[in-house]
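Remarks on the structure that follows.
The values are calculated or read from the model by the stated rules, or taken from the named source; none is laboratory data. Predicted model only: the values in this text are computed from it and were never measured. Cβ placement follows ideal geometry from the backbone for every residue including glycine, while neighbour counts extend to all protein chains displayed. These accessible areas exclude ligands, DNA and RNA; they are computed on the full protein's heavy atoms, side chains included. Shrake-Rupley method; radii C 1.70, N 1.55, O 1.52, S 1.80 Å.
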Amino acid sequence: IDRAELRASYQGTTLEVGVYGDLRMAGLPLSGKAVFRSTDAGPVFVVVASGDLRGLGTPITSGSLVFSTGAVPQFPIDASTVFDVQPGLAVVATIDLDTATRQLLNQTLKPVTPVGAKLIVSAQIGGPDLVLTTMLTLGANGITLFDTCASAPCDPNAASTTSLRLMSAFVQVRVGASGLQIGFGGNAQLLLPPQKVVTGAERSVLDLGME
């Protein structure tokens with residue numbers, strides 16, 4: 001065991017207490033956490049074990065096993081990945097795209113800021129249905145779908161510009177009692193200018209989900 005610590009926080013009406021640690025098993029570095037969180041729907045307990053699996057000859061930069069007693073949106077399962085945790089057991093694998101694939105993606109989509117895309121593949125296996133999801137994340141700035149402003153050309157980073165950015169896209173397959181279902185969707189951010197644009201003013205960010 002390389003590290004073990006206890007953390008507790010209280011924000012608004014949410015209490016969170018967790019045990020975190022790092023260890024090595026057969027030379028493979030692993031991280032783990034066990035977190036209790038109070039929510040409006042009741043208390044939730046989440047356990048996560050994760051590690052960099054490239055040492056085993058795989059392209060998986062982070063593989064995680066997640067167990068939860070309830071739903072927790074945008075839960076940080078490792079240092080660089082947040083995941084919408086559902087009740088039951090889930091397996092999550094993160095794969096950073098290689099340089100050639102990222103270059104092809106940027107040449108094809110031509111984003112304002114080059115994206116450092118990665119794949120997140122997950123399987124939800126602890127609920128009534130088997131849910132397989134493959135998500136392509138498009139970096140911190142995403143891909144700009146459109147900009148609008150008072151006078152062209154628009155500066156995509158200016159506080160006076162309204163922007164819609166695609167942040168991720170996914171394909172989902174669900175198999176269960178209702179049969180086979182295939183879905184598509186994504187997440188986007190709508191950036192809205194402040195009522196009064198002054199030095200230091202920032203845009204409001206509205207997170208959008210589509211499926």
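Annotations
- Count of region 60-88 residues which are outside any strand (DSSP E or B) and of a type outside the set (D, E, K, R): 11
- Against the list (1) modelled with pLDDT of 90 or more; (2) over 21 Å from Thr81 (Cα atoms); (3) out of contact with any Pro (no Cβ under 9 Å at 6 or more places or on another chain), the condition Asn187 fails is (2).
- Among the residues making up region 76-88, a single one is of a type in the set (D, E, K, R) and open to solvent by 70 Å² or more (accessible area, probe 1.4 Å): Asp84.
- Enumeration of residues in region 89-119 that are in a strand (DSSP E or B) and surrounded by fewer than 16 Cβ atoms within 10 Å (Cβ to Cβ): Leu89, Val91
- Among the criteria (1) farther than 30 Å from Val198 by Cα; (2) assigned to a loop (DSSP other than H, G, I, E, B), the one Met135 does not fulfil is (2).
- No other residue among Val197, Val175 is modelled with pLDDT under 85, out of contact with any Pro (no Cβ under 6 Å at 6 or more places or on another chain) and surrounded by 11 or more Cβ atoms within 10 Å (Cβ to Cβ) apart from Val197.
- Ala140 within 15 Å of the chain's Cα centre (by Cα) and part of a strand (DSSP E or B): no
- Tally of residues being in a strand (DSSP E or B) and surrounded by fewer than 15 Cβ atoms within 10 Å (Cβ to Cβ) across region 40-59: 3
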